[in-house]
Amino acid sequence: MKIAFTTLGCKLNFAETSTYRRLLVEAGAGTTGWNLPADAYLINTCAVTEHAEKKSRNLIQRAHRLAPEAPIYVTGCYAQLRGDDIRAIPGVRRVFGEGEKGQIVSVLCRDLGLNGDQTAGSGDFLPAYSSGERTRAFLKVQDGCDNFCAYCTVPFARGRSRNLPVCTLVRQAEEIASTGIREIVLTGVNTGDFGRTTGESFLDLLKALNAVEGIERYRISSIEPNLLTDDIIDWIASGTKVLPHFHIPLQSGSDTLLRRVGRRYDTALFASRIDKVRAAMEHPGGRKVFFGIDVIVGLPGETEALFEETYRFLSERIRPAFLHVFPYSRRPGTRAADWPDQVQDRIKTERVARLEALSGQLHAEFVAAHKGLRAPVLWESTLKDGRMAGFTDNYIRVERPYDRTLAGTITEETI
């Protein structure tokens with residue numbers, strides 16, 4: 001019995017799919033490549049944009065063409081938001097919404113005759129972490145969001161903000177450490193909002209994870225600027241395993257647009273968080289903090305003047321190491337979808353290109369500023385053209401001739 005798995009979307013989806021795979025293999029399933037005929041398919045979908053929904057549909061239809069008799073199981077955000085549409089696609093056996101993810105493994109075990117009736121958690125939170133890699137794992141620490149920004153379907157697809165207790169996540173980190181993995185990326189929909197369920201705080205979680213033996217590095221996959229507090233920054237800077245690498249959503253550098261879509265900060269607060277991190281963690285002539293910034297281009301009402309505010313804020317005030325640029329996608333059911341001042345696709349494309357060019361320039365400058373500096377590098381096992389690659393603590397990619405003994409180790413290298 002061979003199952004093919006595929007995942008669209010975020011690191012959270014990736015961690016969840018890895019958990020389904022791990023538990024099903026323990027129950028006796030085999031696995032096969034996504035592009036090959038299989039006995040069953042499990043597809044974890046995304047709905048963050050119209051393009052993601054279309055890609056999800058195409059993957060389901062492709063699986064049916066590959067193996068017309070194989071049952072297809074679908075989960076993820078697209079499954080939650082468009083379940084009836086998916087059920088109408090030939091080959092689909094079962095669609096799992098957000099509150100049904102814990103049933104996925106047990107249902108597949110029963111349907112496919114596997115040895116066991118395993119569950120993947122109880123209640124409305126699916127515990128998850130990725131496995132199978134030698135260097136890095138993604139640990140799901142939080143799910144859902146209470147913000148309901150005007151453009152976003154996430155609260156409808158993922159539910160309200162919730163989390164597992166710190167003690168449970170520490171045990172999962174210990175499981176990850178036992179496999180030899182050295183780095184954990186903390187993932188969530190609104191990671192910094194950790195604690196809604198248990199009354200704990202994100203800083204409580206960081207401190208507890210810092211004590212886990214065997215894990216030497218933690219990265220925070222994304223944190224809202226208003227939740228990146230002085231206490232968190234000062235503690236990380238005091239000498240911890242949390243790396244100088246922050247992924248922070250901005251979405252727009254225009255206060256007019258931030259207010260309109262319901263973001264919980266303005267550009268002044270955003271800039272203050274960047275300044276605070278740099279002051280706490282950087283030293284003249286030393287390594288800099290890597291900032292990756294999310295930006296949405298073409299939000300309704302984004303005039304050329306408002307876009308220029310975003311461009312100048314990023315290019316002159318923030319100057320991050322990388323920009324993750326998205327064109328706004330009109331999502332049914334959101335407030336922004338009904339606003340009359342939608343931006344033309346042609347204009348979105350032009351603005352995306354401008355910000356991607358800026359991102360390339362800023363990243364090149366960030367890397368160039370580190371030439372000749374020493375940094376710890378966690379080496380990956382990938383072999384390509386006789387070389388291997390790894391990442392510094394502040395996320396600069398470094399290459400060297402392949403050496404099997406270095407895979408999964410951390411060494412000091414000159415950038």
Just wondering, is there one or more residues in the range 74-87 that are in contact with a helix residue (DSSP H, G or I) (Cβ under 8 Å, 6 or more places away or on another chain), of a type in the set (Phe, Trp, Tyr) and either at pLDDT below 95 or closer than 20 Å to residue 24 by Cα (or both)?
no
Tell me which of these residue 50 doesn't satisfy, since it passes every other one: (1) at pLDDT 95 or above; (2) surrounded by fewer than 20 Cβ atoms within 10 Å (Cβ to Cβ).
(1)
Counting only residues that are closer than 30 Å to residue 407 by Cα, in contact with a Lys or Arg (Cβ under 9 Å, 6 or more places away or on another chain), in a loop (DSSP other than H, G, I, E, B) and aliphatic (A, V, I, L, M), how many does the range 141-199 have?
1
Take the residues in the range 341-352 that are over 23 Å from the mean Cα position of the chain (by Cα) and farther than 20 Å from residue 263 by Cα; name whichever of them is surrounded by the most Cβ atoms within 10 Å (Cβ to Cβ).
351
Out of the range 34-47, which residues are crowded, with 17+ Cβ neighbours inside 10 Å and in contact (Cβ under 8 Å) with a residue 60 or more places away in the chain?
40, 42, 47
Boolean, residue 378 is crowded, with 18+ Cβ neighbours inside 10 Å and closer than 19 Å to residue 219 by Cβ:
yes
Considering only the range 149-181, state which residues are touching a helix residue (DSSP H, G or I) at 6+ places or on another chain (Cβ under 6 Å) and either aliphatic (A, V, I, L, M) or farther than 23 Å from residue 45 by Cβ (or both).
150, 157, 166, 170, 173
On the given criteria, is residue 296 closer than 27 Å to residue 129 by Cα and either buried (at least 19 other Cβ atoms within 10 Å of the Cβ) or in the same structural domain as residue 395 (by TED's automatic domain parsing) (or both)?
no
Quick one: is residue 386 closer than 24 Å to residue 220 by Cβ and among the small types (Gly, Ala, Ser)?
no
Do we find a residue being over 20 Å from the mean Cα position of the chain (by Cα), of a type in the set (S, T, N, Q) and under 29 Å from residue 212 (Cβ atoms) anywhere in the range 103-120?
yes
Taking only the range 338-358 into account, find how many residues are among the hydrophobic types (A, V, I, L, M, F, W, C) and without any contact (Cβ under 8 Å) to a residue 24 or more places away in the chain.
2
Are any residues in the range 50-74 touching a Lys or Arg at 6+ places or on another chain (Cβ under 8 Å), under 26 Å from residue 143 (Cβ atoms) and touching a residue at least 40 places away in the same chain (Cβ under 8 Å), and if so, which ones?
50
Across the range 221-270, what is the number of residues that are assigned to a loop (DSSP other than H, G, I, E, B), β-branched (Val, Ile, Thr) and crowded, with 21+ Cβ neighbours inside 10 Å?
1
Among 113, 99, 132, the single one that is surrounded by fewer than 16 Cβ atoms within 10 Å (Cβ to Cβ) and either among the basic types (Lys, Arg) or under 30 Å from residue 392 (Cα atoms) (or both) is 132
Within the range 391-409, is there a residue that is among the hydrophobic types (A, V, I, L, M, F, W, C), touching a Pro at 6+ places or on another chain (Cβ under 8 Å) and surrounded by 18 or more Cβ atoms within 10 Å (Cβ to Cβ)?
no
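The values are calculated or read from the model by the stated rules, or taken from the named source; none is laboratory data. The shown structure was predicted, so the numbers you read here are calculated from the model rather than taken from an experiment. Backbone-built Cβ (ideal geometry, glycine too); neighbour counts: all protein chains shown.
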